[in-house]
Amino acid sequence: QPTRTDTMILLTLDPVGKTMGMLTIPRDLWVPIPGLSKDIEDRINTAHFFGDLYKYPGGGPALAKKTVQYNLGVPVHYYVRIDFKGFEKIVDAMGGVTINVEKAIRDNEYPDGNYGTISIYIPAGLQQMDGETALRYVRTRHADSDFGRTRRQLQFLLAMRNQALKINILTKLP
């Protein structure tokens, strides 16, 4: 079943300088989606959906990569696609991830996975998050905005990377 991307983060790595950079692409960014038989302009997060729906060669990931390159002028050589359950499994396989929650998060409209909503609360301060809590932390946007959501996602990815390096678990992740 075709799906939209929930989050798109462009990662650049410089193995010589040993640096990396991350750019979050706003999922509601309105762009032309190239490579289909008809011209489509839509939110960038729909490129993956259309790639699967219209059976684009390589499917959703290939059209999402092409759309990013077309609109941002940056070639995308590789991609990682993780669904919500996969994200939770990775965090749980790491024994959870410790993160400093800058301000308490309350979201009374968090999606419950069945087209409904639930209320979530994550207190401020240092938190050891399991997969389910981590997913809620990086997905919520009603507590502040998409910009707050983006900031939390980047913060969480860096915390995951640091923890994975510290416990040397990268080769053991599912």
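The values are calculated or read from the model by the stated rules, or taken from the named source; none is laboratory data. The structure displayed is predicted, hence computed values, not measured ones. Accessible surface areas use protein heavy atoms only, side chains included; no ligands, DNA or RNA. Shrake-Rupley method; radii C 1.70, N 1.55, O 1.52, S 1.80 Å.
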**Message:** At 1.4 Å probe radius, can you tell me the per residue accessible area of the chain in Å²?
**Reply:** 63 Å²
**Request:** With a length cut of 24 Å (Cα positions projected on each helix's long axis) and a Kyte-Doolittle mean of at least 0.5, go through the chain and give me the DSSP H helices that pass.
**Result:** none
**Item:** Apportionment of accessible area to carbon and sulfur, the chain, percent (1.4 Å)
**Value:** 54 percent
**Asked** Given K55/K89; K38/K65; K65/K85, which pairs have Cα atoms separated by over 27 Å?
**Response** K55/K89
**Fill in**
Candidates for Cα extents along the principal axes in Å are (1) 57, 38, 27; (2) 52, 35, 31; (3) 49, 45, 26, and the calculated one carries label (3)
**Fill in**
the stretch 84-173: Kirkwood hydrodynamic radius (Cα pairs, Å) comes out at 13.4 Å
**Message:** I'd like the projected area of the stretch 1-96, averaged over all directions, using the convex hull of its alpha carbons. Report it in nm² with one decimal.
**Reply:** 7.4 nm²
